[in-house]
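In what follows, a structure is listed as structure tokens, so that the remarks can point back to it.
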Amino acid sequence: MSPKPDLRGIELRRRRRADGSVRMTYRVRAVAVDGSRPGKTFTDVEAAIEERDRLDVIAARIAAGPPARASMTVTGLRDRWWNGHVLRELAPRTQNGYRHAWGELQPRIGDRLAISVARRDIKQLRIDMLDDGLGPGSVNYKLTMLHAIFQHALEDDLVEFNPVAGVRKSKRVKRGILPRQIPSAMRVEQARVHVMREMASPMTATIISLGVHCGHRPSEWRALRWFDWTGDAITSAAVAEPDGTLRIGSKTNSAGVTRSMPPASIEDLTAWRAVTPYPADGDPIFPRADGTHWNEEDYKNWAGRKLTPCFAAVGCVLTPYGLRHTAISLLIQEGRLSLTQIAERHGTSVEMISRHYAHIVAAYAKGKIDLEAEFRKARRATRSGGGLRAMAT
């Protein structure tokens with residue numbers, strides 16, 4: 001004879017059907033965050049017992065921790081994490097990404113009692129987001145954010161474990177991706193000629209020159225001021241935030257990164273300073289019309305209207321960050337500097353260069369190029385060197 005099931009805390013309800021038979025249901029109640037007592041009704045006694053036991057575990061966790069556990073939702077955890085960590089320690093660009101991600105997470109899990117969230121809930125959340133059409137990368141980003149939120153709560157003793165830990169990430173679908181385009185010196189100069197003559201943008205021509213010769217990140221060259229330039233070298237002493245304000249220090253070095261400049265970029269920057277309406281030492285090298293630094297919207301508009309079209313006109317697909325990739329690739333092809341020196345010059349790591357530029361390192365293991373001679377030759381052929389000089393005289 002099987003033992004009687006433990007029905008402690010479970011309400012039994014008998015309903016007589018029209019045919020005279022009796023239907024048994026089992027109701028389990030719990031105290032919600034708002035103080036109400038919603039109940040779940042089951043027709044299977046084992047399911048009701050499982051739910052009752054789950055609620056008992058949650059009650060024990062609440063009793064074992066601070067009083068805040070009884071009412072702390074996932075939204076509450078997010079707000080504590082946001083105010084205690086994100087606003088104090090993370091860059092505005094990162095904050096914007098997390099703010100957008102939370103906008104999609106909040107309706108799905110924000111109202112849940114934090115102490116009640118289990119790994120299976122996170123697993124189901126992941127499945128639901130994929131079913132709703134979110135890409136694997138987007139889902140993984142949101143789970144990473146949720147992991148950080150619960151980890152912060154764990155440190156404050158608001159939860160007993162991190163339910164996101166151990167939940168597998170979504171696999172990215174590998175698609176055929178075209179190799180990154182690295183324009184030759186000739187392509188670079190042809191693009192500069194086009195943007196000066198056909199698009200009347202000497203500033204864009206100067207950005208291209210500085211980008212392929214010095215390899216600044218977009219956030220770095222947007223922050224450059226004339227006093228950062230000493231004639232034969234330029235220091236990235238700050239980075240531009242999305243709103244156009246500056247943050248002192250480069251991405252990887254609080255003191256900034258100083259790069260030596262080849263003759264071509266020195267010549268172009270000299271010519272640009274002679275024609276820019278903002279040549280004072282404290283002015284941005286690449287200013288908005290009002291003399292301030294570009295914000296994110298300015299930068300994106302410029303990329304879509306100037307940079308991408310001028311390279312497309314010479315048969316090359318290039319993004320703003322592609323200027324930096326070109327600079328690193330050309331230095332590898334030149335072979336004058338070691339990978340360690342290239343990494344130091346560009347504020348990155350040898351590991352990153354080895355991972356992303358392995359094909360270029362292998363291709364130019366024996367054959368090298370004379371980078372300065374290549375650009376001199378390209379400028380003579382395209383007569384691009386005289387464009388900015390002519391405007392300056």
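Data for the structure
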| read-out | value |
| --- | --- |
| Counted residues, region 78-92 - those being touching a residue at least 40 places away in the same chain (Cβ under 8 Å) and either surrounded by fewer than 16 Cβ atoms within 10 Å (Cβ to Cβ) or not assigned by TED's automatic domain parsing to the domain that holds Ala114 (or both) | 4 |
| Any chance Arg355 is of a type in the set (D, E, K, R) and either touching a Phe, Trp or Tyr at 6+ places or on another chain (Cβ under 6 Å) or surrounded by 14 or more Cβ atoms within 10 Å (Cβ to Cβ) (or both) | no |
| Yes/no for Gly291 being in contact with a Ser or Thr (Cβ under 9 Å, 6 or more places away or on another chain) and on the phi > 0 side of the Ramachandran plot | no |
| Cross-chain or 6+ apart pairs with Cβ under 9 Å, region 50-74 first and closer than 17 Å to Asp156 by Cβ, then modelled with pLDDT under 75 and crowded, with 17+ Cβ neighbours inside 10 Å | none |
| All positions within region 334-348 that are touching a Lys or Arg at 6+ places or on another chain (Cβ under 9 Å) and free of Cβ contacts under 8 Å to residues at least 60 places away in the same chain | Glu334, Gly335, Arg336, Leu337 |
| Selection from region 163-183 of residues that are at pLDDT 80 or above and either surrounded by fewer than 16 Cβ atoms within 10 Å (Cβ to Cβ) or in a helix (DSSP H, G or I) (or both) | Ala165, Gly166, Arg168, Lys169 |
| Members of region 62-113 that are part of a helix (DSSP H, G or I), small (Gly, Ala, Ser) and closer than 20 Å to Asp243 by Cα | Gly97, Ala101 |
| Enumeration of residues in region 94-113 that are surrounded by 15 or more Cβ atoms within 10 Å (Cβ to Cβ) and farther than 18 Å from Asn140 by Cα | Arg112, Leu113 |
| Within region 236-257, considering residues that are hydroxyl-bearing (Ser, Thr, Tyr) and either at pLDDT 90 or above or surrounded by fewer than 18 Cβ atoms within 10 Å (Cβ to Cβ) (or both), the one farthest from Ile328 (Cα to Cα) | Thr245 |
| Residue under evaluation Trp226, criteria (1) without any contact (Cβ under 8 Å) to a residue 60 or more places away in the chain; (2) closer than 30 Å to His100 by Cα, criterion not met | (2) |
| Filter pass, Gln341 being surrounded by 13 or more Cβ atoms within 10 Å (Cβ to Cβ) and more than 28 Å from Glu198 (Cβ to Cβ) | no |
| Hits in region 295-336 (condition: over 20 Å from Met196 (Cα atoms), more than 18 Å from the chain's Cα centre (by Cα) and either aliphatic (A, V, I, L, M) or not in a helix (DSSP H, G or I) (or both)) | Ala327, Ile328, Leu330, Leu331, Ile332, Gly335, Arg336 |
| Among the residues listed as Leu307, Leu330, the single one being modelled with pLDDT of 90 or more, among the aliphatic types (A, V, I, L, M) and either on the phi > 0 side of the Ramachandran plot or out of contact with any Cys (no Cβ under 6 Å at 6 or more places or on another chain) (or both) | Leu307 |
| Scope region 142-152; condition touching a helix residue (DSSP H, G or I) at 6+ places or on another chain (Cβ under 6 Å) and either not in a helix (DSSP H, G or I) or not charged (D, E, K, R) (or both); matching residues | Met145, Ile149, His152 |
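The values are calculated or read from the model by the stated rules, or taken from the named source; none is laboratory data. It should be emphasised that the depicted structure is a prediction, and the values quoted were computed from it without experimental measurement. Every residue, glycine among them, receives a Cβ derived from its backbone with ideal geometry; neighbour counts consider all protein chains shown.
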